[in-house]
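J.: One structure coming up, written as structure tokens, with questions to follow.
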Amino acid sequence: IANQYRMLIEVKTLMASGQRNKDAIAKQLGYKPFPVQKAMGLVNSFSFDELAAIMERLLEADMAMKTGVDQQCELDMVVADLTLQPEHRSASTRTR
């Protein structure tokens with residue numbers, strides 16, 4: 001999950017700098033063109049702040065699962081958090 005969001009951040013960063021060619025982005029980031037094309041279609045759905053909050057939530061989940069929290073329960077909570085609307089997602093991640 002984190003790798004997918006990391007790709008979105010990387011693609012969004014390059015697109016914000018003016019790069020629009022999927023093949024050039026893929027080559028620069030070391031990805032295949034098809035997943036980059038898919039990411040290019042999604043990046044406008046998220047702000048940089050939202051993507052940073054999502055990555056923070058994923059880091060929290062990773063740490064929790066490595067320190068004894070029930071892994072299945074934590075994964076279920078992460079998926080639930082990621083499906084929330086952005087305005088609710090940021091509130092949810094702050095309460096953890």
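J.: In the set GLY18, GLY41, which member is in a loop (DSSP other than H, G, I, E, B) and without any contact (Cβ under 8 Å) to a residue 40 or more places away in the chain?
T.: That would be GLY18, the only listed residue that is in a loop (DSSP other than H, G, I, E, B) and without any contact (Cβ under 8 Å) to a residue 40 or more places away in the chain.
J.: For region 23-33, enumerate the residues that are part of a helix (DSSP H, G or I) and within 13 Å of LEU8 (Cα to Cα). Let's see the steps before the verdict.
T.: Looking only at region 23-33, we keep the residues that are part of a helix (DSSP H, G or I), and these are 23-29, 33.
Residues satisfying the conditions are ILE25, ALA26, LEU29.
J.: If you scan region 69-81, which residues turn out to be open to solvent by 90 Å² or more (accessible area, probe 1.4 Å) and not in a helix (DSSP H, G or I)?
T.: ASP70 - this is the single residue of region 69-81 that is open to solvent by 90 Å² or more (accessible area, probe 1.4 Å) and not in a helix (DSSP H, G or I).
J.: Every residue in region 46-68 that is open to solvent by 60 Å² or more (accessible area, probe 1.4 Å) and not in a helix (DSSP H, G or I), please.
T.: THR67, GLY68
The values are calculated or read from the model by the stated rules, or taken from the named source; none is laboratory data. None of these values were measured; they are calculated from a predicted model. Because the Cβ atoms are built from the backbone with ideal geometry, glycine has one as well, and the counts that use them run over all protein chains shown. In case anyone asks, the SASA skips ligands and DNA or RNA and just uses the protein heavy atoms, side chains included. Shrake-Rupley method; radii C 1.70, N 1.55, O 1.52, S 1.80 Å.
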